[in-house]
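Student: Starting off with a structure, shown below.
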Amino acid sequence: AQKITQTQPGMFVQEKEAVTLDCTYDTSDPSYGLFWYKQPSSGEMIFLIYQGSYDQQNATEGRYSLNFQKARKSANLVISASQLGDSAMYFCAMREEQGAQKLVFGQGTRLTINP
Amino acid sequence: NAGVTQTPKFQVLKTGQSMTLQCAQDMNHEYMSWYRQDPGMGLRLIHYSVGAGITDQGEVPNGYNVSRSTTEDFPLRLLSAAPSQTSVYFCASSYSGQGAQNTEAFFGQGTRLTVV
């Protein structure tokens, strides 16, 4: 069964520093997608970045990049030059090709950016 | 661009009451799902649907019913509310054809439900 693990309940980072949020996953399906969502204090779920299991290069979207290490089954989110507005909950999620394509989430990491 | 619309945004229920959380999407997505979010537990799947007339249970289905009579709508019914159902509820929709595992889900704004 698919599973996502985020081991950092909370992270505190100084503004302008880079931050890495950890995500490991487990699946037996060779075809899957990995997603990161941001949830600010206002509560909405904001899609940030996606990585496909067959993608050869790490995904990037502006200040966000995904450090995809397939053999280690990890998909860490890297935020460069953090900003105060990056303070939020961050969720890692996975969707398999099989298994009704359900989107399964990790427990989340609360990131706080200090000025 | 409406996307996924969830109503209500806030709700307080008394134990034993029933209610329906509404969810509608205008993106012609076949796949729709309901999650609940509790502190420290991420988002857990309650029920999902891969198309009109087809629904299935997720991780935490007890106490909830769903139906999918149209592609657009996927309501979640609480049959007899309990304090343990106090949570934030999210509806989501996504593409479900070939390659769907490579497409993101779109979420509603969430419903904060309190059962007293």
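The values are calculated or read from the model by the stated rules, or taken from the named source; none is laboratory data. What you are looking at is a predicted structure, and each value in this text was computed from that prediction instead of being measured. Neighbour counts are summed over all protein chains in view; Cβ atoms, including those assigned to glycine, are modelled from backbone coordinates with ideal geometry. Just the protein is used for accessible areas: all its heavy atoms, side chains included, with ligands, DNA and RNA removed. Shrake-Rupley method; radii C 1.70, N 1.55, O 1.52, S 1.80 Å.
Student: Considering only residues of the range B:49-71 that are of a type in the set (Ser, Thr, Tyr) and assigned to a loop (DSSP other than H, G, I, E, B), which is nearest to B:HIS29 (Cα to Cα)?
Tutor: Across the range B:49-71, the extreme among qualifying residues is B:THR71.
Student: Give the residue that is surrounded by the fewest Cβ atoms within 10 Å (Cβ to Cβ), with candidates limited to residues of the range A:99-115 that are facing chain B (nearest Cβ under 10 Å) and aliphatic (A, V, I, L, M).
Tutor: A:ALA100
Student: For the structure I just gave you, tell me whether B:ARG36 is within 14 Å of chain A (Cβ to nearest Cβ), open to solvent by 20 Å² or more (accessible area, probe 1.4 Å) and assigned to a strand (DSSP E or B).
Tutor: Criteria met by B:ARG36.
Student: Scan the range B:72-88 for residues that are more than 14 Å from chain A (Cβ to nearest Cβ) and either assigned to a loop (DSSP other than H, G, I, E, B) or touching a Leu at 6+ places or on another chain (Cβ under 7 Å) (or both) and jot them down.
Tutor: Answer for the range B:72-88, where residues must be more than 14 Å from chain A (Cβ to nearest Cβ) and either assigned to a loop (DSSP other than H, G, I, E, B) or touching a Leu at 6+ places or on another chain (Cβ under 7 Å) (or both): B:GLU72, B:PHE74, B:PRO75, B:LEU76, B:LEU79, B:SER80, B:ALA81, B:ALA82, B:GLN85, B:THR86.
To keep it simple, each residue is scored yes or no on (1) within 14 Å of chain A (Cβ to nearest Cβ); (2) not polar (S, T, N, Q).
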| site | (1), (2) |
| --- | --- |
| B:THR55 | yes, no |
| B:ASN65 | no, no |
| B:SER69 | no, no |
| B:PHE90 | yes, yes |
| B:SER96 | yes, no |
| B:GLY99 | yes, yes |
| B:PHE106 | yes, yes |
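Yes/no matrix, rows are residues, columns are (1) of a type in the set (Ser, Thr, Tyr); (2) in contact with a Phe, Trp or Tyr (Cβ under 9 Å, 6 or more places away or on another chain); (3) surrounded by 19 or more Cβ atoms within 10 Å (Cβ to Cβ):
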{"residue": "B:LYS14", "(1), (2), (3)": "no, no, no"}
{"residue": "B:CYS23", "(1), (2), (3)": "no, yes, yes"}
{"residue": "B:ARG44", "(1), (2), (3)": "no, yes, no"}
{"residue": "B:ARG68", "(1), (2), (3)": "no, yes, yes"}
{"residue": "B:PHE74", "(1), (2), (3)": "no, yes, yes"}
{"residue": "B:ALA81", "(1), (2), (3)": "no, no, yes"}
{"residue": "B:THR86", "(1), (2), (3)": "yes, no, no"}
{"residue": "B:SER93", "(1), (2), (3)": "yes, yes, yes"}
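Student: Of these, A:GLU44, A:GLU96, which one is within 14 Å of chain B (Cβ to nearest Cβ), of a type outside the set (Ser, Thr, Tyr) and surrounded by 15 or more Cβ atoms within 10 Å (Cβ to Cβ)?
Tutor: So the residue among A:GLU44, A:GLU96 that is within 14 Å of chain B (Cβ to nearest Cβ), of a type outside the set (Ser, Thr, Tyr) and surrounded by 15 or more Cβ atoms within 10 Å (Cβ to Cβ) is A:GLU96.
Student: If you don't mind, there's one more thing I want to ask. Quick test for you: out of A:TYR54, A:TYR50, A:TYR90, pick the one residue that is out of contact with any Pro (no Cβ under 7 Å at 6 or more places or on another chain), within 12 Å of chain B (Cβ to nearest Cβ) and not in a strand (DSSP E or B).
Tutor: Values: A:TYR50 fails: not in a strand (DSSP E or B); A:TYR90 fails: not in a strand (DSSP E or B).
Testing whether each residue is out of contact with any Pro (no Cβ under 7 Å at 6 or more places or on another chain), within 12 Å of chain B (Cβ to nearest Cβ) and not in a strand (DSSP E or B) leaves just A:TYR54.
Student: Among (1) part of a strand (DSSP E or B); (2) open to solvent by less than 40 Å² (accessible area, probe 1.4 Å), where does A:SER82 come up short?
Tutor: The single condition A:SER82 does not satisfy is (1).
Student: Please list, ordered by first then second residue, the pairs with beta carbon atoms under 7 Å, 6 or more apart or interchain, first in the range B:90-116 and at positive phi, second aliphatic (A, V, I, L, M).
Tutor: B:GLY110/B:VAL88
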